[in-house]
Amino acid sequence: MSELHRVLATLLMSFLPAFCIAEAAPISTGRACKAATQAINEEGFVEIGGIPQWVTIKGSHCGNPVILIVHGGPGNTMSPYAKAIYGAWEKDYTLVQWDQRGAGKTFGKNKPGEETPLTIAQMADDGVALAAYLTQHLGKKKIILTGSSWGSILGVQMSLSRPELFYAYVGTSQVVSYKTNQAASYSKVLSLAQAASDQETVTKMSALGPPPWNNPRNFGVLRKAIRKYEALSTDPAPKAWWVSDPAYATTSALADYEAGEDYSFLKFVGYKGDGMFSTVDFPATASKFSIPVFFVQGAEDLLTMPEITRLYVDSITAPKKEYIVVPRAGHDPNLPFIEAQLKLLNERVRSLSN
């Protein structure tokens, strides 16, 4: 989170009247929905994988399909921004946000030591346990699963592990392979910088050398360059999206967000390029799905590049699969990206839950 985001969040919290903040009920232990027409607005800690993890459940009608949104990062929880970005979806869907192990409020509740391990298998198991809980808590046979960026790694693993829990999987900014994704990103950014006579970026990329890398800082250097070049060909997200909800803008909550982001990122890249990301190779390990799968990809994405995702989608088998490219969108959410996801959900995915 940038310093600007922190300042805006603090100002919003200071000036927003208390009566404008709708109180959510704690997450109940029993069945939450008594009738299909009932609204739901719950938030709290749920025991998942042996620790309390933060979950929010919001929707206008309990009869609507449930979507579990698996955030990216790792460590970049969407709970603080969910209302601004996804609030309009709550009319037609029950939305579940989850602060993953090592992130956000879950990090704050269970502060791990630097040596505490974090693995894809462990976090995918957490996600599956949450999905199973949601089917019981909300009285659903199955739910819809969507994961973005880092969350798309967990989404694939969850889909393969317990497909009976999900109507479909929707991957956005889908990660495919540590080696392939990272090498393609590096090569493309270097090429763009050279074409633009951007000597500063060329120098930085040349100093890194092609991946794989042993320095955990290298991925961050590449990520900054990716954001720079994506900004030239994409529509910016509304600034209001990235103003934290007041409940997540306290001093302690902001500190937990930042600390969780740092902790999770180091576990992701590893101190010697040996972190969680280094184990990802879906063409070799995730080629057959037993549920429908959909992939939404920004046309200008330089981190999980469209051509890499397309090759992967072409190679997999599934009862139904679809690949959608969004113009003027990069790796991170913006309005065209969110609108494309909602259109997909409404026109192709929702019917699977009937």
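Looking at segment 155-175 only, could you name the residues that are of a type in the set (S, T, N, Q), crowded, with 20+ Cβ neighbours inside 10 Å and more than 22 Å from A299 (Cβ to Cβ)? Even if it seems obvious, please write down each step before you answer.
Initial filter on segment 155-175 (of a type in the set (S, T, N, Q)): 157, 159, 161, 172-174.
From what is left, the residues that are crowded, with 20+ Cβ neighbours inside 10 Å are 157, 159, 172-174.
Selection gives Q157, S159.
Just one of the listed residues (L266, L335, L302) is under 21 Å from A225 (Cβ atoms), touching an Asp or Glu at 6+ places or on another chain (Cβ under 7 Å) and aliphatic (A, V, I, L, M), and it is L302. Of all residues in segment 176-200, which are open to solvent by less than 10 Å² (accessible area, probe 1.4 Å) and out of contact with any Asp or Glu (no Cβ under 6 Å at 6 or more places or on another chain)? If the condition is that a residue be open to solvent by less than 10 Å² (accessible area, probe 1.4 Å) and out of contact with any Asp or Glu (no Cβ under 6 Å at 6 or more places or on another chain), then V176, N181, S185, V189, A193 are the ones that fit. The residues in segment 287-323 that are touching a strand residue (DSSP E or B) at 6+ places or on another chain (Cβ under 7 Å) and among the acidic types (D, E) can be counted, and the count is 1. Identify, from the list E90, E115, the residue that is over 16 Å from the mean Cα position of the chain (by Cα) and at pLDDT below 95. Step by step, each of E90, E115 is checked, and only E115 is over 16 Å from the mean Cα position of the chain (by Cα) and at pLDDT below 95. Considering (1) open to solvent by 30 Å² or more (accessible area, probe 1.4 Å); (2) outside any loop (DSSP other than H, G, I, E, B), the lone condition that A131 does not fulfil carries the number (1). Whether a residue is touching a residue at least 60 places away in the same chain (Cβ under 8 Å), over 12 Å from the mean Cα position of the chain (by Cα), open to solvent by 20 Å² or more (accessible area, probe 1.4 Å) and more than 29 Å from N181 (Cα to Cα) was assessed, and K141 does not pass this test. Kindly indicate whether T304 is surrounded by 15 or more Cβ atoms within 10 Å (Cβ to Cβ), at negative phi, part of a helix (DSSP H, G or I) and among the hydroxyl-bearing types (S, T, Y). Against the criterion (surrounded by 15 or more Cβ atoms within 10 Å (Cβ to Cβ), at negative phi, part of a helix (DSSP H, G or I) and among the hydroxyl-bearing types (S, T, Y)), T304 does not qualify. Residues that are loosely packed, with under 14 Cβ neighbours inside 10 Å and closer than 16 Å to L303 by Cα within segment 201-211 comprise just one, P210.
Within the bounds of segment 344-353, is there any residue that is at pLDDT below 95 and either touching a Pro at 6+ places or on another chain (Cβ under 6 Å) or surrounded by 21 or more Cβ atoms within 10 Å (Cβ to Cβ) (or both)? Full working, then the answer.
So the first thing to find is which residues in segment 344-353 are at pLDDT below 95, and the list is 353.
From what's left, either touching a Pro at 6+ places or on another chain (Cβ under 6 Å) or surrounded by 21 or more Cβ atoms within 10 Å (Cβ to Cβ) (or both): 353.
Checked segment 344-353: at least one residue is at pLDDT below 95 and either touching a Pro at 6+ places or on another chain (Cβ under 6 Å) or surrounded by 21 or more Cβ atoms within 10 Å (Cβ to Cβ) (or both).
Restricting attention to segment 55-68, the residues that are surrounded by 24 or more Cβ atoms within 10 Å (Cβ to Cβ), within 17 Å of A24 (Cβ to Cβ) and of a type outside the set (G, A, S) add up to 3.
What do you reckon, is S252 touching a helix residue (DSSP H, G or I) at 6+ places or on another chain (Cβ under 8 Å), under 20 Å from Y81 (Cβ atoms) and surrounded by fewer than 18 Cβ atoms within 10 Å (Cβ to Cβ)? Steps first, answer last, please.
Numbers: touching a helix residue (DSSP H, G or I) at 6+ places or on another chain (Cβ under 8 Å): yes; under 20 Å from Y81 (Cβ atoms): yes; surrounded by fewer than 18 Cβ atoms within 10 Å (Cβ to Cβ): yes.
For S252, the condition - touching a helix residue (DSSP H, G or I) at 6+ places or on another chain (Cβ under 8 Å), under 20 Å from Y81 (Cβ atoms) and surrounded by fewer than 18 Cβ atoms within 10 Å (Cβ to Cβ) - is met.
Scanning segment 64-100 for residues that are under 19 Å from L165 (Cβ atoms) and assigned to a loop (DSSP other than H, G, I, E, B) yields N64, P65, H71, Y93, Q100. Looking at P306, P327, P336, P292, just one residue is under 18 Å from I143 (Cα atoms), of a type outside the set (V, I, T) and modelled with pLDDT of 95 or more, and that residue is P292.
Total residues in segment 307-332 satisfying the condition of being crowded, with 21+ Cβ neighbours inside 10 Å and free of Cβ contacts under 8 Å to residues at least 60 places away in the same chain: the figure is 1.
The values are calculated or read from the model by the stated rules, or taken from the named source; none is laboratory data. Remember, it's a predicted structure, so these values are computed and weren't measured experimentally. Positions of Cβ are backbone-derived with ideal geometry, glycine not excepted, and every protein chain shown enters the neighbour counts. The accessibility values were calculated without ligands, DNA or RNA, using every heavy atom of the protein model including side chains. Shrake-Rupley method; radii C 1.70, N 1.55, O 1.52, S 1.80 Å.
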